[in-house]
Amino acid sequence: MARYTRLTEPIALITLNNPPVNALSSAVRSGIVDSVSQALKDDQVKAVVFCGENRMFSGGADIKEFSGSMSGPPLVRMIHSIEASEKLMVAAIEGVALGGGLELALGCHYRVANTKARLGLPEVTLGFLPGAGGTQRLPRLTGITAALELITTGRQISAQEALQLGIVDQVTEGNAVQAAMELALSVIGQPLNPRRLSLRPPVWSADVDSVCEVALARVKQHSRGAMAPVACVQAVRAAAMLPYSKGMEKERQLMDTLFRSSQARALQYAFFAQRNAGKWSLPNGARWNNTKARDVQRVGVIGLGTMGRGIAVSLVKAGLSVVALESDAKQLESGKKAVTAMLQRDAQRRGVGSPLHLLTFALSFHQLKDVDLVIEAVFEDMNLKKRVFSDLCKVLRAGTLICTNTSGLNVDELAKVTDRQHLVVGMHFFAPAHVMKLLEVVYGSRSSPEAVAVAMALGKRIQKVCVAVGNCPGFVGNRMLKLYMDQSLYLLEEGATPEQVDQALEEFGFAMGIFKVADLSGLDVGWRVRKASGLIGPDIDPVNPSRWRLGQRYCPLPDMLCQQGRFGQKTGRGWYLYNSPGSKEAKPDPEILNFLEDYRLKYGITPQRISSQEVIERCAFSLANEGFRILEDGIAAGPEDIDVIYLFGYGWPRHRGGPMFYASQVGLSVVLEKMEHYHRIHPDVPSLEPSRLLRRLVAEGSPPIQQWRNHIKNLHSQL
Ligand code: 3HC
Ligand code: NAI
């Protein structure tokens with residue numbers, strides 16, 4: 001797990017060897033300790049160079065070990081003894097030095113990095129802090145301001161930036177081990193005390209308090225209830241105020257608290273859930289590791305509206321060539337301008353050449369004849385999409401995939417109009433598509449495993465977090481969202497205000513409350529969908545609309561707002577008031593409060609006092625309850641996939657893991673009890689009825705979330 005090699009006369013090499021990221025597992029730490037002691041015993045050895053197997057220094061502590069009982073040499077003590085060693089220690093950084101990996105390097109007396117290496121202390125993203133001296137050593141190298149920024153955000157930096165900040169001593173375009181050896185040979189014999197960061201005094205300066213105050217205000221605003229960033233500020237402050245040993249005590253105390261926190265568990269769960277999402281499986285047994293994806297080089301994008309533009313940008317940025325098609329010259333021109341500007345801005349920002357040569361704009365389907373895959377992003381209209389799909393079949397090569405970006409229409413129905421049902425899948429991007437990381441890959445009943453593999457691989461190539469999901473109205477994300485939105489609207493009917501609901505959700509950790517999000521997306525979008533699906537029609541009285549449609553409770557409030565021209569930010573009025581159309585600052589609107597009061601009076605609803613707890617329970621538990629139904633229906637392979645969808649597509653706070661993880665943390669029996677309670681009070685809302693799977697899991701003793709897949713398998717095998 002750590003290989004010891006004698007190099008030239010005075011140098012020994014210790015190679016961390018734990019693929020794929022050389023995580024500092026218990027075995028690796030033991031290997032390092034043994035290798036260091038071997039080097040110390042060898043009189044011929046004057047210097048030790050640390051490096052990682054496969055040109056990857058280290059991805060830090062082994063996160064998998066955190067859930068069990070820790071064993072092996074403690075990292076803090078190991079790094080301390082490396083730093084205290086009388087022999088010269090040099091880190092040769094290639095690939096990444098992250099978390100404990102960078103902390104190990106900071107314990108060395110010199111650091112050399114390859115130009116392509118990335119360095120960082122991402123522990124905050126896992127719910128804790130750099131707990132192997134990182135919070136005390138890094139500020140002693142970079143100063144407080146830079147250390148605060150790096151440690152509270154977890155941002156990874158390039159070797160060049162690390163050099164500028166003083167984190168590494170040398171950057172090389174060549175082999176870092178070779179460069180580290182040369183450096184070692186040139187400094188052997190020089191005093192080591194000045195290189196031992198723990199011996200440096202606290203990095204106090206007169207403005208420490210104000211710098212920390214500013215950092216604290218920033219993290220509180222950005223992290224919305226996450227504990228780790230706040231603790232990171234406290235730990236770095238200790239590096240400014242206290243000698244090293246006292247600072248380490250503070251680091252340990254803070255780490256102990258964070259390490260046991262539910263937030264750390266949620267964030268570590270999210271880390272693995274994100275990585276597992278790519279390991280898709282279909283009900284028919286096809287999986288990521290038994291299906292080959294063929295290569296895609298040219299992609300057609302149909303429709304250059306809100307979504308098509310972002311999709312085209314994402315593809316071109318990843319080096320794919322794109323043929324972008326519109327229905328008429330005017331639309332094409334406006335799409336072309338927007339896509340070109342986005343790509344140019346991005347190239348400028350990144351200091352790279354513009355990739356516009358990869359783009360072709362087209363008005364005729366014939367120009368799509370050579371593409372390997374098409375992504376359709378025309379209006380959400382089944383008939384239009386069917387026309388597009390059947391026209392495509394007339395020009396596309398036989399093996400070309402046809403993908404739809406529909407938000408929830410039936411992928412099977414669309415596939416039926418084609419001559420290649422097996423090559424039709426959904427690729428559901430989220431707006432803005434060049435920014436949002438999530439991609440739902442929707443397989444229909446006839447989609448081939450290869451088609452799913454191709455769509456997943458393409459999504460990965462354009463740096464999306466891809467989740468394979470089954471075909472049902474709204475797929476996973478939007479199917480659940482509908483119930484979340486319904487609950488929020490019912491809460492307004494029953495006595496809450498949009499601000500109250502949003503505040504509760506934001507305090508829970510959402511970046512934005514649901515009514516602010518609705519104003520941002522445009523209330524008219526859902527209005528059009530409801531009209532198309534027959535929920536709103538000529539037989540509905542616009543002044544006194546019914547609260548009962550298609551056999552269920554219905555809240556007509558958003559339709560009534562749209563009738564008043566309140567479409568959200570774009571019209572300057574929605575659930576909130578804005579200074580002008582397009583402005584972003586949402587202000588409570590007294591007109592909305594009056595409107596809600598009149599509405600309740602008209603329908604004889606006695607307003608209730610709604611607590612924040614009720615808002616969270618009804619919204620979050622409804623999401624989870626529908627998530628259980630989705631698992632029952634086999635639309636998602638496991639709870640982790642649902643959580644990844646909510647983390648990356650719907651702004652669910654990462655430190656709460658996702659709706660399914662949250663339900664598991666609150667306790668499934670509590671969720672069940674609450675759903676039963678709310679369903680009793682609102683029998684006219686069938687979605688509040690606890691799902692079968694939830695009941696079953698509770699009956700089976702509320703197993704941990706990692707075991708739910710087995711219970712779902714059993715449930716399916718009994719159906
Ligand atoms: N511990 C355990 N497993 C890890 C790991 C770690 N630190 N880092 C990555 N892995 C695993 C992943 O789960 C994945 O496993 P899988 O193949 O079974 O799915 C595999 O390694 C490859 O990971 P990625 O798919 O993420 O590979 P990439 O090449 O895309 O990224 C990486 C590599 C940049 C190193 C990325 O994995 C990463 O960011 N890792 C986490 C880094 C981190 O947060 N380190 C801090 C750890 S905590 C710590 O050090 C505490 C200390 O302060 C005391
Ligand atoms: P949009 O209205 O902004 O753009 C649609 C574009 O398609 C228009 O530019 C239109 O000219 C073009 N178009 C229409 N018919 C065409 C044809 N026959 N050939 C070529 N181009 C044609 O719509 P938006 O928002 O981009 O939505 C597109 C699809 O993406 C819809 O299915 C929608 O449900 C889905 N979607 C939308 C999201 C959003 O937030 N806007 C999020 C995720 C999916």
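The values are calculated or read from the model by the stated rules, or taken from the named source; none is laboratory data. All of these numbers come straight from a predicted model, not from anything done at the bench. With ideal geometry, Cβ positions are generated from the backbone for all residues, glycine too; neighbour counts draw on all protein chains shown.
What number of residues in the stretch 138-161 are crowded, with 24+ Cβ neighbours inside 10 Å and closer than 27 Å to Glu173 by Cβ? So the count comes out to 3. Count of the stretch 63-73 residues, restricted to those that are in contact with a helix residue (DSSP H, G or I) (Cβ under 8 Å, 6 or more places away or on another chain) and either within 24 Å of Gln38 (Cα to Cα) or more than 15 Å from ligand 1 (Cβ to nearest atom) (or both), is 3.
When you check Asp502 against the structure, is it touching a residue at least 60 places away in the same chain (Cβ under 8 Å), assigned by TED's automatic domain parsing to the domain that holds Leu557 and among the charged types (D, E, K, R), yes or no? The answer is no for Asp502. Could you look through the stretch 453-506, keep only residues that are of a type in the set (A, V, I, L, M) and not in a helix (DSSP H, G or I), and pick out the one that is nearest to Glu597 (Cα to Cα)? So the residue we want is Ala496.
Consider the stretch 113-122 and keep the residues that are part of a strand (DSSP E or B) and touching a residue at least 60 places away in the same chain (Cβ under 8 Å). The one that is surrounded by the fewest Cβ atoms within 10 Å (Cβ to Cβ) is Asn114.
Just for helices (runs of 4 or more DSSP H) wholly inside the stretch 1-112: which have at least 3 residues that are surrounded by fewer than 24 Cβ atoms within 10 Å (Cβ to Cβ)?
In the stretch 1-112, the matching helices (runs of 4 or more DSSP H) lie at 26-41, 75-84.
Summed over the stretch 566-585, residues that are in contact with an Asp or Glu (Cβ under 6 Å, 6 or more places away or on another chain) and free of Cβ contacts under 8 Å to residues at least 24 places away in the same chain total 1. Would the stretch 428-448 turn up any residue that is aromatic (Phe, Trp, Tyr) and within 16 Å of ligand 2 (Cβ to nearest atom)? So far as the stretch 428-448 goes, yes, one or more of its residues are aromatic (Phe, Trp, Tyr) and within 16 Å of ligand 2 (Cβ to nearest atom). Among the residues of the stretch 23-32, those that are more than 9 Å from ligand 1 (Cβ to nearest atom) and among the polar types (S, T, N, Q) comprise Ser26, Ser30. Pairing each residue of the stretch 161-177 that is closer than 20 Å to Gly99 by Cα with any residue that is among the acidic types (Asp, Glu), provided the two are 6+ apart or on different chains, yields C-beta distances under 9 Å for Leu163/Asp169; Ile167/Glu161; Ala176/Glu94. Give Ser37, Ser26 a once-over and let me know the one that is over 17 Å from Leu102 (Cβ atoms), in the same structural domain as Val96 (by TED's automatic domain parsing), among the small types (Gly, Ala, Ser) and more than 33 Å from the chain's Cα centre (by Cα). Going through Ser37, Ser26 in turn, the sole match is Ser37.
When each of Met70, Met89 is tested for being in contact with a strand residue (DSSP E or B) (Cβ under 7 Å, 6 or more places away or on another chain) and assigned by TED's automatic domain parsing to the domain that holds Arg196, the lone residue that passes is Met89. If the condition is being under 10 Å from Met480 (Cβ atoms) and either assigned to a helix (DSSP H, G or I) or of a type in the set (Lys, Arg) (or both), then the stretch 614-659 contributes Ser622, Leu623, Ala624, Asn625, Glu626, Gly627, Arg629, Ile630, Ile642, Ile645, Tyr646, Pro659. Among the residues making up the stretch 456-490, a single one is free of Cβ contacts under 8 Å to residues at least 40 places away in the same chain and either buried (at least 24 other Cβ atoms within 10 Å of the Cβ) or assigned by TED's automatic domain parsing to the domain that holds Asn405 (or both): Gly459. When we screen Ser205, Ser245, Ser186 for residues that are outside any helix (DSSP H, G or I) and over 36 Å from the mean Cα position of the chain (by Cα), the only hit is Ser205.
Per-residue answers, yes or no, for (1) without any contact (Cβ under 8 Å) to a residue 12 or more places away in the chain; (2) within 10 Å of ligand 2 (Cβ to nearest atom); (3) among the basic types (Lys, Arg):
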position	(1), (2), (3)
Ser314	no, no, no
Ser321	no, no, no
Ala324	no, yes, no
Asp328	no, yes, no
Gly335	no, yes, no
Ala347	yes, no, no
Leu359	no, no, no
Asp372	no, no, no
Glu380	no, yes, no
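The C-beta contact set for the stretch 681-695 (first residue in contact (Cβ under 8 Å) with a residue 24 or more places away in the chain, second residue buried (at least 17 other Cβ atoms within 10 Å of the Cβ) and acidic (Asp, Glu), distance under 8 angstrom, 6+ apart or interchain) comprises Val685/Asp486; Ser687/Asp486; Ser687/Glu626; Ser691/Glu626; Ser691/Glu632; Arg692/Glu632; Leu693/Glu632. Would it be correct to say that Lys416 is among the basic types (Lys, Arg) and without any contact (Cβ under 8 Å) to a residue 40 or more places away in the chain? In short, yes.
Flag: Ala235 matches the condition of being within 16 Å of ligand 1 (Cβ to nearest atom) and in contact with a Ser or Thr (Cβ under 7 Å, 6 or more places away or on another chain). Which of the following residues is surrounded by 13 or more Cβ atoms within 10 Å (Cβ to Cβ), away from ligand 1 (no atom under 16 Å from the Cβ), assigned by TED's automatic domain parsing to the domain that holds Phe429 and over 24 Å from Val454 (Cα atoms): Val378, Val339? Going through Val378, Val339 in turn, just one is surrounded by 13 or more Cβ atoms within 10 Å (Cβ to Cβ), away from ligand 1 (no atom under 16 Å from the Cβ), assigned by TED's automatic domain parsing to the domain that holds Phe429 and over 24 Å from Val454 (Cα atoms): Val339.
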